[in-house]
Amino acid sequence: MKRRYSQSALFAMLLTSALLPCSVAMAAPSQDIHTTQTSDWYNAGQGPKVYGMRKFPYPYQAMLALSSDADSETLRKFNLVHRFINTTQQTPIGRGLGLDYADSIFMFNGNDHQAFIDLNHVPMANELTYFRGITAQPYAASVLDRYVQCGWVDTLHTYGDFSRVNEHTTVFRRSLAATAANALAKRGDHIEVWTDHGNKSNVDNFGSYRRAGFYQYQQGEVPGSPYYHTDITIPQGIHFVWPDTSSNQFVRDSVIFPLQLADGRRVWGFWRYTNEHYSPQGAVRWNWTPYGLREQLTEQHLRALEAKHGYAVVAQHLCGTPYPGVLPKDAVAALRLLAAHQHEGKVLVTRTSRLLHYNVAQQYVSYDVTHHFGRTYIHIRKISDPVFGAHQPSIDEIRGLTFYTSDPGRTVIELGDNPLPAPLIQHNASDGEHPSVGIRWFPPDTADHALTVPNIP
């Protein structure tokens, strides 16, 4: 219902309405936050003060996503990992952790390495993919459709595993990108995250071509190349790209950065933590297999993440080894440590796509504040996205946004000029800075969505 105001009230509201600057909106909880209301006597008499944004949803001090690549994945291993990480049931690995984790998938398999990737000598040819080989014949399509739609998959690990023994050859072609994009669109599978994969045979990689040198093999963004596809891929919905870059920085104030491709298109690039060390010669010492989890998810790393109020996207290959139990004991212990930090309200663990969207919203939300009859109204106007353009956000895009206020009970969050439904609003006690009011994060989903299909190992 629209509020009706007297002339004098409208005039007073206009005087006290203030657009909060980006520096306030991006302030971390440990920083001094200064209100921009123009008259404290009016503010004190008419409604609570808004001090700015809390960086992360209350009570969390940081946000982390596990970003696992689909290399050597089988349905058996995929299901074991997700039952352990996502559900709270008893699993062969132990009691489930109940974390929000989403995986990546391949659409095609053009890998010619002779290797076994799972129990019972499952060959690389039976790697978990949407289509069979490089044909348009469905392989695990029905299962992977389900996993995209339930949230267990949110990333394309390129269009497929095209790694070849001779990395100067490739079986990728542009028509495969069109086939994959059409299939996903037909089934309503909306995927927004892309991570590059493999050796130089994976010419569909993109994001780093303009860096030249080694990255010249990346042809996915190059108009005129027979492997060009970003004119298909970006309009299809890919918003975030990991462009095959290493990083030993675990904590970042922000993991996103604008990325301009060779064809002129713009996407968000993002950083992943991929290694702790480099060799004296500068070679990357990757730690992104289950055996490296104990080096990735340490108490020291997690405490630093919390203390610096940072983001972390941790690169992994959780199904990448032939280890029979999929996750060795020290990997399980590392994941349990991560879960403990979430359950203690310290680190919010979420799927990669949610972290990236939140990072954009937290940095680029535009809002203003008005006061009326003892209440304060926070009007979320738009996301001033410098890559994909300013737009009024959906509810899901602003989930988790939290505002410091002197009185949460008398502070109303609105999308534009429309109050958000009461069940979406969360009133929070002081975290040592101020009390706060926020938009609830996504509800947890610990259901077991695992499927088994005959003839798909």
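The values are calculated or read from the model by the stated rules, or taken from the named source; none is laboratory data. Worth saying up front: this structure is predicted, and the values here are computed from it rather than measured. Note that each Cβ is placed from the backbone with ideal geometry, even for glycine, and that neighbours are counted across all protein chains shown.
Being hydroxyl-bearing (Ser, Thr, Tyr) and under 15 Å from the mean Cα position of the chain (by Cα) is the filter here, so list the residues in the stretch 250-283 that pass it.
Ser254, Tyr273
Under the condition of being touching a residue at least 40 places away in the same chain (Cβ under 8 Å) and under 13 Å from Leu302 (Cα atoms), which residue from the stretch 315-343 is surrounded by the most Cβ atoms within 10 Å (Cβ to Cβ)?
Within the stretch 315-343, the match that is surrounded by the most Cβ atoms within 10 Å (Cβ to Cβ) is Leu335.
Report the residue count in the stretch 414-457 for those that are closer than 21 Å to Pro393 by Cβ, in a loop (DSSP other than H, G, I, E, B) and out of contact with any Gly (no Cβ under 7 Å at 6 or more places or on another chain).
Looking only at that region, the number is 7.
Test each condition in (1) within 22 Å of the chain's Cα centre (by Cα); (2) within 17 Å of Gly94 (Cα to Cα); (3) not β-branched (Val, Ile, Thr) for Ala307 and report the one that comes out false.
Evaluating Ala307 over (1) within 22 Å of the chain's Cα centre (by Cα); (2) within 17 Å of Gly94 (Cα to Cα); (3) not β-branched (Val, Ile, Thr) leaves (2) as the failure.
Collect the residues in the stretch 69-91 that are of a type outside the set (A, V, I, L, M, F, W, C) and assigned to a loop (DSSP other than H, G, I, E, B), keeping them in residue-number order.
Of everything in the stretch 69-91, those that are of a type outside the set (A, V, I, L, M, F, W, C) and assigned to a loop (DSSP other than H, G, I, E, B) turn out to be Asp69, Asp71, Ser72, Glu73, Thr74, Thr87, Thr88, Gln89.
Show me the strands (runs of 3 or more DSSP E) entirely contained within the stretch 109-202 in which 1 or more residues are buried (at least 24 other Cβ atoms within 10 Å of the Cβ) and hydroxyl-bearing (Ser, Thr, Tyr).
On the way: elements: 116-118, 153-156, 193-195.
Qualifying strands (runs of 3 or more DSSP E): 153-156, 193-195.
For the stretch 63-82, check the following and say yes or no: at least one residue is of a type in the set (Gly, Ala, Ser), on the phi > 0 side of the Ramachandran plot, surrounded by 20 or more Cβ atoms within 10 Å (Cβ to Cβ) and at pLDDT 95 or above.
yes
When you go through (1) over 18 Å from the mean Cα position of the chain (by Cα); (2) without any contact (Cβ under 8 Å) to a residue 60 or more places away in the chain; (3) crowded, with 22+ Cβ neighbours inside 10 Å one by one for Asn418, which number turns out not to apply?
(3)
When you check Asp231 against the structure, is it over 30 Å from Glu299 (Cα atoms), of a type outside the set (Ser, Thr, Tyr) and crowded, with 19+ Cβ neighbours inside 10 Å, yes or no?
Considered against the rule, which asks whether it is over 30 Å from Glu299 (Cα atoms), of a type outside the set (Ser, Thr, Tyr) and crowded, with 19+ Cβ neighbours inside 10 Å, Asp231 comes out as no.
Kindly indicate whether any position in the stretch 355-377 is assigned to a helix (DSSP H, G or I), in contact with a Pro (Cβ under 8 Å, 6 or more places away or on another chain), in contact (Cβ under 8 Å) with a residue 40 or more places away in the chain and not aliphatic (A, V, I, L, M). So that I can check it myself, show each step before the final result.
Taking the stretch 355-377 and keeping what is assigned to a helix (DSSP H, G or I), we get 355-364.
When the remaining residues are screened for being in contact with a Pro (Cβ under 8 Å, 6 or more places away or on another chain), the result is 361, 364.
After this cut, where a residue has to be in contact (Cβ under 8 Å) with a residue 40 or more places away in the chain as well, the list is 361, 364.
The next check asks that each one be not aliphatic (A, V, I, L, M); those that pass are 364.
Yes: the stretch 355-377 contains one or more residues that are assigned to a helix (DSSP H, G or I), in contact with a Pro (Cβ under 8 Å, 6 or more places away or on another chain), in contact (Cβ under 8 Å) with a residue 40 or more places away in the chain and not aliphatic (A, V, I, L, M).
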